[in-house]
1. Does the range 193-208 hold any residues that are over 26 Å from Thr102 (Cβ atoms) and surrounded by fewer than 20 Cβ atoms within 10 Å (Cβ to Cβ), and which are they?
2. In the range 191-227, how many are part of a helix (DSSP H, G or I) and touching a Ser or Thr at 6+ places or on another chain (Cβ under 7 Å)?
3. Take the residues in the range 168-192 that are surrounded by fewer than 17 Cβ atoms within 10 Å (Cβ to Cβ) and in contact (Cβ under 8 Å) with a residue 12 or more places away in the chain, then tell me which one is nearest to Arg214 (Cα to Cα).
4. Of everything in the range 137-148, what is surrounded by 14 or more Cβ atoms within 10 Å (Cβ to Cβ) and either more than 14 Å from Ala61 (Cβ to Cβ) or aliphatic (A, V, I, L, M) (or both)? Give them in sequence order.
5. Condition first: more than 28 Å from Val134 (Cα to Cα), basic (Lys, Arg), modelled with pLDDT of 95 or more and surrounded by fewer than 20 Cβ atoms within 10 Å (Cβ to Cβ). Can you find one or more residues in the range 225-245 that meet it?
6. Output the residue which, of all residues in the range 106-136 that are out of contact with any Gly (no Cβ under 7 Å at 6 or more places or on another chain), under 30 Å from Ala184 (Cβ atoms) and among the β-branched types (Val, Ile, Thr), is surrounded by the fewest Cβ atoms within 10 Å (Cβ to Cβ).
7. Can you work out which of the residues in the range 76-89 that are surrounded by 22 or more Cβ atoms within 10 Å (Cβ to Cβ) and more than 14 Å from Met44 (Cβ to Cβ) is nearest to the chain's Cα centre (by Cα)?
8. Among the residues of the range 114-151, which ones are outside any helix (DSSP H, G or I), touching a Leu at 6+ places or on another chain (Cβ under 9 Å) and over 23 Å from Ala167 (Cβ atoms)?
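The values are calculated or read from the model by the stated rules, or taken from the named source; none is laboratory data. These numbers were taken from a predicted model, which means no experiment stands behind them. In this analysis, Cβ positions are derived from the backbone assuming ideal geometry, glycine residues included, and neighbour counts consider all displayed protein chains.
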Amino acid sequence: MLASTTLDQAAAASGPVAAPARSSIARATAGLAIAQTALFAIPMIVLGRAIGWPASLRLPAEAALPLIAAQADAVLLGYGAYLLVSLAMIPLAFALRAWFRTQGLEGWLLDAVAFTGAAAGLFKTLGIVRWLSVMPMLAGEFERAADPIRREAIALAYRTTNAYAGAVGELLGVQILSGLWLVAVAILLQKTGRRWLGGFGLLCGALFLATALRLVWPAAGMLQSAAVPLALVWFLALAASLWRDRRA
């Protein structure tokens with residue numbers, strides 16, 4: 001929050017925006033945008049090789065828990081990196097607010113967009129934490145349990161935790177709030193003249209929001225397999241656009 005306050009102060013202190021302040025804000029925001037894609041590569045590679053993530057999320061408890069126990073170190077590394085991705089979205093949301101101000105945009109909408117992005121990062125973080133705490137513990141207990149009734153109780157705890165934390169992290173954080181944030185940022189980008197980047201962001205945001213329809217239309221969940229890679233490319237495109245603004 002201190003970093004975002006500093007960026008906002010730099011933006012506000014720039015009448016028409018001074019070149020050094022604009023460059024600093026654009027550079028910081030570009031770095032945070034790149035981090036979204038660069039850090040996400042770690043869970044994709046580590047968890048993908050170790051447990052077949054993200055397909056492993058759909059495995060029954062009886063298959064998922066032994067897998068988590070066998071790949072405990074990889075699970076901690078992969079989800080630890082994913083946690084950093086989610087946390088990094090919070091300063092990115094406020095850095096973008098400061099950058100939009102250097103483009104002459106003002107008003108309550110900037111604050112609303114920033115806090116929506118921060119909320120998305122927070123909810124995603126709350127969903128991911130289970131893989132660093134509860135799930136490894138349940139996996140260990142499941143492996144040590146010999147009583148079928150105890151195993152079923154552990155499997156039930158796994159399903160219950162996944163249902164709740166998955167709704168918080170995936171439904172609220174990834175699909176609804178991230179989708180709304182992407183749509184709002186895309187609209188603001190179009191106001192700065194970056195129409196193609198804004199259009200690309202609208203597509204990504206719409207896909208995430210459509211994925212949330214899986215609650216009433218399960219097939220909509222498949223849209224996330226397209227939404228995530230497109231969003232990662234969009235973050236790189238955003239960083240490139242901000243970097244060019246830094247040099248302007």
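1. The one that is over 26 Å from Thr102 (Cβ atoms) and surrounded by fewer than 20 Cβ atoms within 10 Å (Cβ to Cβ): Ala206.
2. Counting residues in the range 191-227 that are part of a helix (DSSP H, G or I) and touching a Ser or Thr at 6+ places or on another chain (Cβ under 7 Å) gives 7.
3. Result: Ile187.
4. Passing the criteria: Leu138, Ala139, Ala145.
5. no
6. Here the residue is Val129.
7. Of everything passing the filter in the range 76-89, Ser86 is nearest to the chain's Cα centre (by Cα).
8. none
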